[in-house]
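Q: So that we are looking at the same thing, I have put the structure below in structure tokens.
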Amino acid sequence: MNNLLIWPIAVPLFSALLALLWIRRSTWIGVFGTALSLLVVLLVGRQVVESGPIELALGGWTPGLGIALRADGLSLLMLLMSSLVSMAVAVYASVYFSKAERRGEFWVLWLLLITALHALFLSGDLFNLYVTLELLGLSAVVLACLGGSRESLQAALRYLVMGLLGSMAFLIGVALIYAGYGTLDMAALADAIEAGPAAWLALSLMTGGLLIKSALFPLHFWLPPAHANAPAPVSAVLSALVVKAALYLILRLWLSLFDGVVTQAAAVILGLLGAVAVVWGSWAALQAERLKLMAAYSTVAQLGYLFLFLPLLTALPEGAARDVALGALVLLALTHGFAKSAFFLAAGVIMQRAGHDRIAELGGTARALPVTAFTLALAGVALIGLPPSGSFLAKWHLLSSAFITGQYVWLPVIAVGTLLAGAYIFRLLGYAFAPGEGVGPSLSAGREEIPAVLLALIATLLLGFWASAVWELLPISAYVGGGA
Amino acid sequence: MTMSVWLPVGILLSSFIPGVLIFFQPEERHRLRTWLNLLGALVKLLLVGVLIWGVFHEQVFETRWTMAPGLEFVLHADALSVLFVSLSTLLWLVTTIYAIGYLERTPHRSRFFGFFSLCVTATVGLALAGNLFTFVVFYELLTLATYPLIAHKGSPEALRGARIYLRYTLFGGLLLMIGAVWLHTLTGGVEFVEGGILDQYTNLDQSTLRWIFLLLIVGLGVKAALVPLHGWLPQAMVAPAPVSALLHAVAVVKAGAFGIVRVIYDVYGVEFAAELGVLTLLGAVASITIIYGSLKALSQDHLKKRLAYSTVSQVSYIVLGTAILGPLATIGGLVHLVHQGVMKITLFFAAGNYAEALGIHRISEMDGVGRRMPGTTLAFSIGALGMIGIPPVAGFISKWYLGLGAVEAGAAAWVVPVLIASSLLNAAYFLPILYRAWFKSPSRPWPADRTAGCARELPDPLLWPPVTTAALALLIGLFAAAPYSPLEWAELIAGREYRQ
């Protein structure tokens, strides 16, 4: 039954081809393709939970010679997040693009994006990862310029250039590894890699490339315009999933592959950049005049939190405390994925109804679109990190790890970031719940508004009260080298 | 024993479920909303009755749910929780009736009553929280549930008041969380245990524990409105009268005071806290707050603002009682948790009635109001006399035990003057109101007379809540020695806290 692993990649890929061939029915193919992908991910999930990590050697060639797909706890969590978020976004997009001329192109690219994401989370081979990273970046760029406006094209071009730079750096790193160790299989490399100049250079290049893609300060500048100017469903997956893919790779590299090479100093540098991202991103979000731009800057800040974990993870000795911190990191990434996609979808509903997303003119939103206003509030709770959301638990353990390792320097960063997040979310809610006529009268709720509120509920309730599942899944590891 | 697991959850759900359902009700379904509200309140009252009986007979009620490694969501009912749960449940019922009458024909009632129920759910959750983590969860949820209530009117002043409230409480919540996390990493989990747990960790650095205490108390002090963290409270009185009533009597300020009681008695242990030397500082802050609040109240002409500063002062009696080592002071502080709630809610109901019936917002407009609105003014007078501490109203009992406790602990030299000064100040800012209301005759027409020509002073849902709570304030003072009275219950708690 190991062939199961091929389906999360094959289903969206074949759906993409089908959508291309039968462009008049692309909406249906897109939604059903996404639903079917979710279904096979759930099947993979059941098997991983029941019988541990799965490995599939493609074409029967043993890894090292051939290419391996692997699913373990970490990849399963990322797969679940991406397929659930894309399911909800697909339902929303079927309304959003229902009258658009270019909906055929959207659905083909959409399914390719899912293919790339799923392949990336399942790849057990560095070159394969490069290929999926490139496919992901390209489909994301084309999706981002579907809006067709001048700004979105400019932003997408910048996104493309930065993405290519990132992939190139990653590819050079991969080449160095192949030259040094003669294999690209990650499980084999996890045992083989030793500290040394070559490993160091490879790690730096690969990490550098991924930092561009995950928009860590000061390499974030491409993100806010690209995410804010894309069509709402695209913004949702860009902010929630695509940046997380790069982060996932950084985790794999740092914790499984290069765990003997990584030094505390390097981790602290990334942590410091993360700290600047938290404060600067939140501040910029507070100053933003447009809802989607605010959400995009908030993504910069939230990614910063994830990098705060790195110096703590490397400082903690292997064992319970480190597993707890790693789980908190993953939980924060998941919560942000669900909350931010909900946020962007809600912003999309408002933008279509009101024709603009200027925050100061959003009075009356709560009366015209109560479900959407409620979604913004729920997602906002998760973005600030208030209970009962998953990010509250994650932040608790982030603070806790800072106390355990004695790295008190991160405490004020977390505190300031939280207060600033509270400020920008409640500034928005203040306008949205104020009386006014900024948004037209309500016409319908349903396929547009429901997916977003479900995503927000997952972030604030499910990932809060059932968060321990994250810590139960993570120890199911396919790589011997590290905790993940 | 499934019942012992489900009872705490049921008490939470009995206001949570009606709250969620009410959000989905269209504005005009007045009757259904009323039924949902009252049904929830009555079910809660019933469940709390079972809880009181069980806790009195030393039954254990506990629910546990692991949210993350090391972080357990625990609902646990001990004698102290019961005190606060009963107060919130009873006053919620009364306030709901009042709010239904008060908000008749105003917009956004579904939203209001939805958040109102969530606010009570959070308060009851605070009371039942069995460890510090769960307490922090509900402390933040309370902030989230009350913000929309303060901002309810949507006017610029309401939004400004709500914004100020949010700034203070998010900051306070953050400090509380940091303190809780720090303590958590040192001890591996902080359950609330009668008599405290920290004295068992002899290896912990005492100055670290003092810093954590500071973080926790400052975080809680924001909601308890300790000077200088009280700035939000007078601003928050822009909220509708039922919200002010609930905020000042049970929900927010009490949550802070209750948290301080929890931290001192059930985390640090009052004797250990005294050993650390942190109680003296807290007692000093409480005394300053008592005097400062009363002084500020003197100079307010706006009735609700005067009441708000009076709350600042009165809530610190609870903190003062907690900061003095000894069972009698403990009883005084704990019993005031209930007494202040019952008396202050009466005063705010009455203030709401004056504004609703005659448009009176200022004390200078109250001349002769006693003859026009005798029921409301009688209730107001009982509440005010209780606040001053005149027997047999409940407030006297609190002050009596606080004074006795101070003598017992040898702190009479500074506590008794504080009590006397504050009582004199209370008299100075309440008695002139009573004089104006009863003995002066109206010097000018009422600002906005809405009940001219009506047979009675007010509709029933507005008149009866203050009269009921005023009668209650009188009764729990008169029958303080009866079984299940707040005083008896406070003695039970004190007995359990000092058993060691």
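Q: Considering only residues that are more than 14 Å from chain B (Cβ to nearest Cβ) and at pLDDT 75 or above, look in the range A:435-448 and name the one that is surrounded by the fewest Cβ atoms within 10 Å (Cβ to Cβ).
A: A:447
Q: Against the condition under 22 Å from residue A:418 (Cβ atoms) and in contact (Cβ under 8 Å) with a residue 24 or more places away in the chain, how does residue A:235 come out, does it pass?
A: No; evaluated as a whole, the condition is false for this residue.
Q: Okay, next question. Looking only at the range A:60-71, decide whether some residue is in a helix (DSSP H, G or I) and in contact with a Leu (Cβ under 8 Å, 6 or more places away or on another chain).
A: The answer is no; no qualifying residue exists.
Q: Any residue in the range B:466-483 that is of a type in the set (Val, Ile, Thr) and surrounded by 21 or more Cβ atoms within 10 Å (Cβ to Cβ) sitting within a Cβ distance under 9 Å of a residue that is assigned to a helix (DSSP H, G or I) and at pLDDT below 90? List the pairs, counting only those 6 or more apart or interchain.
A: Cβ pairs passing all conditions: B:469/B:249.
Q: Would you pick out the residues in the range B:148-167 that are surrounded by 21 or more Cβ atoms within 10 Å (Cβ to Cβ) and either part of a helix (DSSP H, G or I) or over 24 Å from the mean Cα position of the chain (by Cα) (or both)?
A: Passing the criteria: B:148, B:149, B:150, B:161, B:162, B:165, B:166.
Q: How many residues does the range B:70-102 hold that are within 14 Å of chain A (Cβ to nearest Cβ) and out of contact with any Ser or Thr (no Cβ under 7 Å at 6 or more places or on another chain)?
A: 2
Q: Residues to consider are A:310, A:329, A:345, A:303; find the one that is out of contact with any Gly (no Cβ under 8 Å at 6 or more places or on another chain), in a helix (DSSP H, G or I) and either more than 14 Å from every other protein chain (Cβ to nearest Cβ) or farther than 17 Å from residue A:248 by Cα (or both).
A: A:345
Q: Is there a residue in the range B:354-362 that is in contact with a helix residue (DSSP H, G or I) (Cβ under 6 Å, 6 or more places away or on another chain), crowded, with 23+ Cβ neighbours inside 10 Å, part of a helix (DSSP H, G or I) and of a type in the set (Phe, Trp, Tyr)?
A: no
Q: For residues in the range A:396-414 being part of a helix (DSSP H, G or I) and more than 8 Å from chain B (Cβ to nearest Cβ), which is surrounded by the fewest Cβ atoms within 10 Å (Cβ to Cβ)?
A: Ranking the candidates gives A:412 first.
Q: Just for the range B:122-149: of the residues that are among the polar types (S, T, N, Q) and within 12 Å of chain A (Cβ to nearest Cβ), which one is nearest to residue B:27 (Cα to Cα)?
A: B:143
Q: Starting from residues that are in a helix (DSSP H, G or I) and away from every other protein chain (no Cβ under 12 Å), keep the ones in the range A:313-326 and report whichever is surrounded by the most Cβ atoms within 10 Å (Cβ to Cβ).
A: Within the range A:313-326, the match that is surrounded by the most Cβ atoms within 10 Å (Cβ to Cβ) is A:313.
Table: residues versus (1) under 16 Å from residue B:274 (Cα atoms); (2) within 12 Å of another protein chain (Cβ to nearest Cβ).
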| site | (1), (2) |
| --- | --- |
| B:155 | no, yes |
| B:162 | no, yes |
| B:207 | yes, no |
| B:212 | yes, yes |
| B:217 | yes, no |
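Yes/no per residue for (1) out of contact with any helix residue (DSSP H, G or I) (no Cβ under 8 Å at 6 or more places or on another chain); (2) within 17 Å of residue B:313 (Cα to Cα); (3) in a helix (DSSP H, G or I); (4) of a type in the set (Asp, Glu):
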site: B:345; (1), (2), (3), (4): no, yes, yes, no
site: B:348; (1), (2), (3), (4): no, yes, yes, no
site: B:383; (1), (2), (3), (4): no, yes, yes, no
site: B:401; (1), (2), (3), (4): no, no, yes, no
site: B:408; (1), (2), (3), (4): no, no, yes, yes
site: B:417; (1), (2), (3), (4): yes, yes, yes, no
site: B:426; (1), (2), (3), (4): no, yes, yes, no
site: B:432; (1), (2), (3), (4): no, no, yes, no
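Q: Tell me which residues, restricted to the range B:59-69, are buried (at least 19 other Cβ atoms within 10 Å of the Cβ) and within 13 Å of chain A (Cβ to nearest Cβ).
A: B:63, B:67, B:68, B:69
Q: With respect to residue A:168, is the statement that it is more than 24 Å from residue A:57 (Cβ to Cβ), in contact (Cβ under 8 Å) with a residue 24 or more places away in the chain, in contact with a Leu (Cβ under 8 Å, 6 or more places away or on another chain) and surrounded by fewer than 24 Cβ atoms within 10 Å (Cβ to Cβ) true?
A: no
Q: While we're on this one: Taking residue B:225 as meeting all but one of (1) within 14 Å of chain A (Cβ to nearest Cβ); (2) of a type in the set (Gly, Ala, Ser); (3) in contact (Cβ under 8 Å) with a residue 60 or more places away in the chain, write down the number of the exception.
A: (1)
Q: Ok, one more. Select from the range B:175-190 the residues that are in a helix (DSSP H, G or I) and away from every other protein chain (no Cβ under 11 Å) and write down the one among them that is modelled with the highest pLDDT.
A: Filtering first and then ranking leaves B:176.
Q: Residue A:353 passes all but one of (1) away from chain B (no Cβ under 12 Å); (2) under 16 Å from residue A:421 (Cβ atoms); which number fails?
A: Residue A:353 satisfies every listed condition except (2).
Q: Does residue B:172 fit the bill of being more than 10 Å from chain A (Cβ to nearest Cβ) and at pLDDT 95 or above?
A: yes
Q: Among the residues of the range A:401-410, which ones are touching a residue at least 24 places away in the same chain (Cβ under 8 Å) and either closer than 16 Å to residue B:132 by Cβ or in contact with a helix residue (DSSP H, G or I) (Cβ under 6 Å, 6 or more places away or on another chain) (or both)?
A: Within the range A:401-410, A:401, A:402, A:404, A:405, A:410 qualify.
Q: Given the criteria surrounded by fewer than 19 Cβ atoms within 10 Å (Cβ to Cβ), more than 14 Å from chain A (Cβ to nearest Cβ) and more than 18 Å from residue B:278 (Cα to Cα), does residue B:193 qualify?
A: yes
Q: Can I ask one more? Test residue B:193 against the stated conditions and say whether it is closer than 25 Å to residue B:215 by Cα and part of a loop (DSSP other than H, G, I, E, B).
A: Yes: the conditions hold for residue B:193.
Q: So, one more: Considering every residue within the range B:281-288, establish whether at least one is buried (at least 24 other Cβ atoms within 10 Å of the Cβ) and closer than 22 Å to residue B:221 by Cβ.
A: Yes, the conditions are met somewhere in the range B:281-288.
Q: Which one of A:10, A:93, A:68 is under 18 Å from residue A:131 (Cβ atoms) and crowded, with 23+ Cβ neighbours inside 10 Å?
A: Going through A:10, A:93, A:68 in turn, just one is under 18 Å from residue A:131 (Cβ atoms) and crowded, with 23+ Cβ neighbours inside 10 Å: A:68.
The values are calculated or read from the model by the stated rules, or taken from the named source; none is laboratory data. Given the structure is predicted, the values throughout are model-derived calculations rather than measurements. In this analysis, Cβ positions are derived from the backbone assuming ideal geometry, glycine residues included, and neighbour counts consider all displayed protein chains.
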